[in-house]
1. Placing +1 on the Cβ of each Lys and Arg and -1 on the Cβ of each Asp and Glu in the chain, which of 17, 27, 127 has its Cα farthest towards the positive end of the resulting dipole?
2. Given contacts defined as C-alpha pairs under 8 Å and at least six residues apart, what's the relative contact order of segment 32-143, whole-number percent?
3. Rounded to the nearest whole Å³, what is the per residue volume of the convex hull around the Cα atoms of segment 70-126?
4. Using the Cα centre of the chain as the reference point, and only Cβ charges (+1 on K/R, -1 on D/E), how large is the resulting charge dipole? Debye, rounded to the nearest 20.
5. Amide H of residue 2 versus every other amide H placed in the peptide plane: which residues, excluding those fewer than 5 positions away on the same chain, fall under 5 Å?
6. Amide H to amide H, which residues 5 or more places from residue 82 or on other chains are under 5 Å from it, using H placed in the peptide plane?
7. Once phi is turned into θ = phi - 60°, what whole-Hz ³J(HN,Hα) does the Karplus curve with 6.51, -1.76 and 1.60 give for every residue of segment 13-21, x standing for Gly and Pro?
8. Looking at segment 5-143, what % of the alpha carbon pairs are farther apart than 28 Å?
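Read the figures in this text as sums done on the coordinates, not as results from a lab. All of these numbers come straight from a predicted model, not from anything done at the bench. FYI the Cβ positions are ideal-geometry reconstructions off the backbone, even for glycines, and counts take in every protein chain you see.
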Amino acid sequence: MKIAIASDHGGFTLKQQIIEYFKNKNIILDDLGTNADQSVDYPCYGKKMALHILQHKADLGILICGTGVGISIAANRYKGIRAALLYSLETAEMAKRHNNANIIVFGGRTMTLTDVISRIEVFLNTSFEGGRHQKRIEQLDSE
Ligand code: RB5
């Protein structure tokens, strides 16, 4: 599975920590920036990740801004994107089981690394249920 990651300045530190965590497990995340903690605009990184996923350059995206809210809004403007802000373990499970999220989102200023890693692991170890949930996610992209 190919995983890409991106953040604005509010998520930069957490992004680097997540990259490091996965590197220690021999999993290399595709880093779409930002590359420093100078102020940048989260819509730009939400868009960059959305297009990356829609062009099938990664199977899953991880996005981070200060709260996770702005960059979720940005990514979810693109048809075919299901970006889910994982604020608990239960949300992490259900975002995969029911929503089949293709981007998971975190808040660099509102969440700890330990919590975020646990939520990523739960998301990755859960399967999409399909069935009635497939019909519902198809409705999201219908006219
Ligand atoms: C940047 O200061 C901050 O507004 C951004 O990271 C994010 O939290 C927006 O929702």
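1. Of the candidates, 127 comes out farthest on the positive side.
2. 24 percent
3. Output value, Cα hull per residue: 62 Å³.
4. It works out to roughly 260 debye.
5. Amide H to amide H, under 5 Å and 5 or more residues apart or across chains, residue 2 pairs with 59, 60.
6. 102, 103
7. 4, 5, 4, 4, 5, 5, 4, 5, 4
8. Of the Cα pairs, 11 percent sit more than 28 Å apart.
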